[in-house]
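Asker: Below are the structure tokens for one structure; questions will follow.
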Amino acid sequence: IALGNGQGSREAEAFLRNNIISAREGSQYTIVDEAGASVYSASPIAGQELSEINVSLRGAVSLGRRLQDPLAELVKVTPKSIGVGLYQHDVDQKRLAHELGRVVEIAVNTVGVDANTASPSLLRYVAGLSDKVAKSVVKHREENGPFATRKDFLKVAGLGPKSFEQAAGFMRVYDGSEPLDATAIHPESYDAAKVL
């Protein structure tokens, strides 16, 4: 169970602990930071992803997703909305937005993304991919099924050899035919890795 840390969370936690967790063996809960969840729930991205769900419930879905894959969910909210410090409104807003975006990009590329599950919101932060190409990756995946290897990225409309060279090391293909595709090792280094 994902429990937000907002107003009333202590009361909700006590209720969970006393009524649900104690009654259902094996049940667990985790407190999840709600920062930016309300911004996401009213955003166009949430409207596309969760069009059938009431706006007030979209924040709850976002909290559950944050528990499963925090980075994939947090990239859907502008970093400024998450709250980056007490005086964030006192600094140059353009520079703040640029630096926060850069930090998110570094985090995404350090962690890497699962090419078969990543949303356009996450893929757009991968080095070498634009918003348009990120959407093309998802469209290709929906039309042709999951990627079997990293080489399949070259079949994506708009993703040429140079973009592939930049992005390939940050995109993972799990359970594919090439085990190294699930690692941070770039395809151009596969031969050296196999020798080791």
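Here, each number is a calculation from the coordinates, and none is a lab measurement. All values reported here derive from a predicted model rather than from experimental measurement. Methodologically, a virtual Cβ is constructed for each residue, glycine included, from the backbone with ideal geometry; neighbour enumeration extends over all protein chains shown.
Asker: Rounded to the nearest 20 debye, what is the charge dipole size of region 112-196 about its Cα centre when +1 sits on each Lys and Arg Cβ and -1 on each Asp and Glu Cβ?
Answerer: Computed charge dipole of region 112-196: roughly 260 debye.
Asker: Enumerate the residues in region 39-79 having an amide nitrogen under 14 Å from the point lying 7 Å beyond the Cα of TYR174 toward its Cβ.
Answerer: Flagged as within label range: 68-72.
Asker: Full extension from ALA127 to GLN68: what is 0.36 nm times the residue separation minus their Cα-Cα distance, to one decimal in nm?
Answerer: Working: separation 59, 0.36 × 59 = 21.24 nm, distance 2.37 nm.
Extra length available between ALA127 and GLN68 comes to 18.9 nm.
Asker: Counting only helical runs of four or more DSSP H residues, what would the 222 nm mean residue ellipticity of the chain come to if each run contributes -39,500 (n - 2.57) and the total is spread over all its residues?
Answerer: -12500 deg cm²/dmol
Asker: Provide the packing ranking of 36-43, 52-59, i.e. peptides ordered by the mean count of other C-beta atoms within 10 Å per residue, highest first.
Answerer: The most tightly packed comes first, giving 36-43, 52-59.
Asker: Past 23 Å, Cα to Cα, is the threshold; run LYS76/LYS151; LYS76/LYS139; LYS94/LYS139; LYS94/LYS162; LYS132/LYS194 against it and keep the listed order.
Answerer: LYS76/LYS151; LYS94/LYS139; LYS94/LYS162; LYS132/LYS194
Asker: Right, something else. Over the chain, what is the mean sequence separation of C-alpha contacts under 8 Å (at least six apart), divided by residue count, expressed as relative contact order in percent?
Answerer: 14
Asker: Using amide H atoms built in the peptide plane, which far-off residues or other-chain residues are under 5 Å from VAL32 H to H?
Answerer: LEU3, GLY4, ASN5
Asker: Counting only C-alpha contacts under 8 Å and six or more residues apart, can you give the relative contact order of region 112-196 as a whole percent?
Answerer: Computed value for region 112-196: 30 percent relative contact order.
Asker: Only four residue types carry charge here, +1 at the Cβ of Lys and Arg and -1 at the Cβ of Asp and Glu. Report the dipole size of the chain about the Cα centre in Debye, rounded to the nearest 20.
Answerer: Numbers: 22 positive and 24 negative charges, 62 e Å.
Its charge dipole is roughly 300 debye.
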